[in-house]
Amino acid sequence: MIPQLERLLDSEILKGLTTRPIDQLRRIRIECSQVEGDISLVRRVAQGRLDIVGHETGRRSGTAQGDGDMSALLFDMPDILSDPASSGTSVPGGRAVAVNEPGEVAGELVKTLDTLASPTLLSNIESLTDGDLRELFERIRAFELELSSIRRQLHERIDAIQGEIGRRYRDGEASVDSILE
C-alpha cells in the first residue's frame, strides 16, 4: 500500500483528537482531503474504464446502440464517460467536489489501474474473448470497490476531525482569531 495512504487509514490517526493541537488537526484534515481527491479522481478513471468494458459487452450482446462495430464505441464515448447523476459540483451525499492537481497517491493508483486495464488493452478491446472481457470487468470493478471503501474511510476521518474542530469553536476552546494569526 502507498505509505501516505496507509498512514492516513491507520486507526491511530483518530486517537487523541481531543488533545491534539488544532493546527495538527487542520493539517491532517487537509491531507486527508487531498488524498480523498486523488482517490476520487482515480475512481472516476476506473469507472470510465468499466463503462468502456460494459459498452463492449453490450455491443457483443446486441444491447448497445450503434451498428455493432467499434465506430459505435467512439460515437458513444461522450455518453459513456459523462456522469448524468452529477452536475460536476457535487456528488451524491452532498460533498463538494474539489478538483486539484493530482498528487502522488493518484499517480501510484493510476499505475495500479494501468496494470489491471491499460489504455492499450482498452484500445484493442474487440480482440478480447468474452471470458477475458468478463475478467477485465471484474478486475476493474474490484479495484473501484476498493477505492470506494478507502474513500469512505477518509471521509470518516475528515468528518471526525472536522467535528472535533467544530466542537472546540463551539465550546470556546478555540477562537476564530487563531485562524487569522
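The values are calculated or read from the model by the stated rules, or taken from the named source; none is laboratory data. Because the structure is predicted, anything quoted here is derived from the model rather than measured. Glycine gets a Cβ as well: all are built from the backbone with ideal geometry, and neighbour counts include every protein chain shown.
Quick notes on this structure:
- When the stretch 145-156 is limited to residues that are more than 15 Å from Val45 (Cβ to Cβ) and charged (D, E, K, R), the one that is surrounded by the fewest Cβ atoms within 10 Å (Cβ to Cβ) turns out to be Arg152.
A quick yes/no check of all residues on (1) among the β-branched types (Val, Ile, Thr); (2) in contact with a Lys or Arg (Cβ under 7 Å, 6 or more places away or on another chain):
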| site | (1), (2) |
| --- | --- |
| Ile125 | yes, no |
| Glu144 | no, yes |
| Leu147 | no, yes |
| Gly163 | no, no |
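- Any hit, the stretch 157-170, residues being without any contact (Cβ under 8 Å) to a residue 24 or more places away in the chain and within 23 Å of Val45 (Cβ to Cβ): no
- In the stretch 114-142, the residues that are farther than 15 Å from Arg60 by Cβ reach residues that are not in a helix (DSSP H, G or I) with C-beta atoms within less than 8 angstrom, at least six apart or across chains, in these pairs: Leu121/Leu128; Arg139/Ala117; Ile140/Ala117.
- Residue list for the stretch 31-79, restricted to those being buried (at least 16 other Cβ atoms within 10 Å of the Cβ), in a helix (DSSP H, G or I) and modelled with pLDDT under 85: Arg59, Ala72, Leu73, Asp76
Here's the yes/no breakdown for (1) surrounded by 12 or more Cβ atoms within 10 Å (Cβ to Cβ); (2) modelled with pLDDT under 95:
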site	(1), (2)
Ala96	no, yes
Val105	yes, no
Leu113	yes, no
Thr129	no, no
Phe143	yes, no
Glu164	yes, no
Ile179	no, yes
